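Working notes for the structure below.
Read the figures in this text as sums done on the coordinates, not as results from a lab. What you see is a predicted model; the values in this text were computed from it and never measured. So basically every Cβ, Gly included, is an ideal-geometry build from the backbone, and we count neighbours across all protein chains shown.
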């Protein structure tokens, strides 16, 4: 069922479709929160809070781009998280420890491909954490979610040129970080 | 990763050489970087912890169950609802005005009335019609109706805006009716005719809206009716100037029209500001 129809039904009182939306977009929101905060654990809470906020205001929501709307809520929550937790934008311990903790015992049993993917996601998270917040969210939305600069501009409230420059600078920095041999050491 | 993203990735600065290394090294580095980025992009969606995800979804399901969905009507529904709130007297007066407008226009046509006379009659008629249309707004400011008429969905400010919009639509209908049927009686053309009609209308509306908030007390309703009649009578002012409707005075009319429009906008802005502030309009 299309998002517009889901929203129409929810606003008509069929609350069960709220669950459908949550199941449909949970992963997307989770990954965003995860790479934005660098914490796999907190990302579950933030993704959950995103949907709880959406549910709170769903009766006033006017359909436009549901996924973008959810990502905007998640973005604001992540910004508050960064301010509230006072965590420095360094490589997240939880991301690393979870990966590392599992890696010890599972590395032997998992196939090489799986192991490489895990390594890569860890590497990516670490590289993204080194970017400034605003560049990171622009890069994630543009490069991984495929949003156009104009759409990101609407979501973040920044001007089009600001978003364009954030994406460009963010990608340049990401490239520099990933090209460094000693980056992850 | 979709095709668009792949294409963008190829065009992105990630693939642009930046320093002064040799071409061979650059190509090699770019290739390695490219492969690395590609593998990172494929790996950015890692496996989620299903138990944690399910716990999260369970909390969301619980919140969805307890959610009380409140229905918010659309803009069109709001317009219609506000129109329905008007008492039958008000609607009868507005309907009567429309009917009278058509009869008046028809009569002026049949009499082949002089352009000047038809403009005066029509402009005064339009002013009274405008004031009757605005009576929906006036009701909100008299006899402490505002707090009674606030709906579940709209606050006073939104309600005033919607009623003004309704009044504006009705005024436009009457104006176009008059202009369409009697405009040809005027030798100066439709533009000038509209200007002659609009100037008294704008000025009387400015005065009327100002009095709505100025006369807000126990006897407000009667005073507002008097204000409406007085404003209508003020539209007769061009009668005292014999050459007022001649082409030479058109710049004056334009100036007055512009000033009236600016003042009306300022008056509406002021009313909305007063409602927002709530200082001058104590609802209780």
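Among B:236, B:141, B:75, sorting on how many other beta-carbon atoms sit within 10 Å of each Cβ, with the fewest leading, yields B:75, B:236, B:141. Which of rounded, prolate or oblate describes the stretch A:18-63 when judged by the alpha-carbon gyration tensor and an a/c cut-off of 1.5? Prolate. With the Cα gyration tensor of the stretch A:131-185 giving a ≥ b ≥ c as the square roots of its eigenvalues, does the rule (a/c under 1.5 for rounded; else a/b larger than b/c for prolate; else oblate) give rounded, prolate or oblate? Prolate shape, in that a/c is at least 1.5 and a/b is the bigger ratio. Counts of other chain beta carbons within 10 angstrom of each beta carbon in peptide B:119-125 average 0.
Computed packing ranks the peptides A:21-33, B:243-255 as A:21-33, B:243-255, most packed first, by mean other Cβ atoms within 10 Å. Once you have a ≥ b ≥ c as the square roots of the Cα gyration tensor eigenvalues for the stretch A:1-87, tell me rounded if a/c is under 1.5, and otherwise prolate or oblate according to whether a/b is larger than b/c. It is prolate, given that a/c is not under 1.5 and a/b is the larger ratio.
Sorted from fewest to most neighbouring beta carbons within 10 Å, what does the list B:262, B:206 look like? Ordered from fewest to most neighbouring Cβ atoms within 10 Å, B:262, B:206 come out as B:262, B:206. The fewest-to-most ranking of B:88, B:203 by surrounding Cβ atoms within 10 Å reads B:88, B:203. Within 10 Å of the Cβ of each residue in A:22-30, the mean number of Cβ atoms contributed by other protein chains is 3.
Inter-chain Cβ neighbour count for B:45-52, averaged per residue, equals 6 (cutoff 10 Å, partner chain atoms only).
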